[in-house]
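Here, each number is a calculation from the coordinates, and none is a lab measurement. Quick caveat, the model's predicted, so the values are computed rather than measured. A quick note on method: Cβ atoms are made from the backbone with ideal geometry, for glycine too, and the neighbour counts reach across all protein chains shown.
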Amino acid sequence: MDPLIRLKNARTEGQIPNTIYDSIVRRFPIAVAGINRIEKASGIRYPVAYVEPSLVVSAPDPNSYEYGILFARTIPVVFEERFQVVIQVSAPLVAYGLRGTIHAILAHEFLHYLELMSRISRMDLLSDEVSGSIFENVYSDETRLFEPRVVFRDRTLLEHITKKFPSGFRDHKLEDKAIRLWSEKNLPKTNISLDSNTIKLSAESLSKIKLAPEFVSKLDELEKKSAKIKRKKIY
């Protein structure tokens, strides 16, 4: 899959100006370097990733003024009875994000991916709770992920993650650029609900998903190490 195919189509259809397109293409190697870095630091292959040519905005309630910008998402999909996880990277992140920010967000989504695959290996994806607000979603997010220091053997990458995700991602400069240079320029925007990432699979569907034994073993090892660290934090 060409990770820039949707971006190329958006330019062809006149949705993205050539200047913005050229900037994203020029800076895309930063994201590629981040993926390579994450694979090296974790020893695990990164899932399929692509650039979404829009600003993705999430609101818990259509009548609410509260919203959050989602610079990347981990999306579970079922296509032709095949289950796959893809990482959606928003074009504004590639266009305006600093190198450390891009790598931190890609690493954060990778942790989501690992948790999702871990739940699949345990046949634990029949249902999921949906948080009622952006804040609650961030809190749930932070309490459920694998511990970054267990997964990544890269001190600088860990520092980026810790700095950008102390209690949910916030980068005011990046958000300001995304609003001023993208949203207010009437470039493509996608509004989603907080539960749009929720996927429910039957036990039969789950049983058809085949994961490599060595991958499952690695997930189990990381989960146990993460649990030990979290217990130490509590006590």
Please compute the modelled spin-label separation between Asn191 and Arg149, points set 7 Å along Cα→Cβ, answer in nm with one decimal.
4.2
Per-residue Cβ neighbour rank within 10 angstrom, fewest leading, Ser118, Ser207:
Ser207, Ser118
Hey, which lysines would be in cross-link range of Lys164, C-alpha to C-alpha under 28 Å, not counting anything within fewer than 8 residues on its own chain?
Lys40, Lys173, Lys177, Lys185, Lys189, Lys218, Lys224, Lys225, Lys228, Lys230, Lys232, Lys233
Using R₀ = 22 Å, calculate the FRET efficiency as 1/(1 + (r/R₀)^6) where r is the Cβ-Cβ separation of Met1 and Ser23; round to 0.05.
0.50
List the residues whose amide H sits under 5 Å from the amide H of Val86, counting only those 5 or more places along or on another chain, with H placed 1.01 Å from N in the peptide plane.
Ile75, Val77
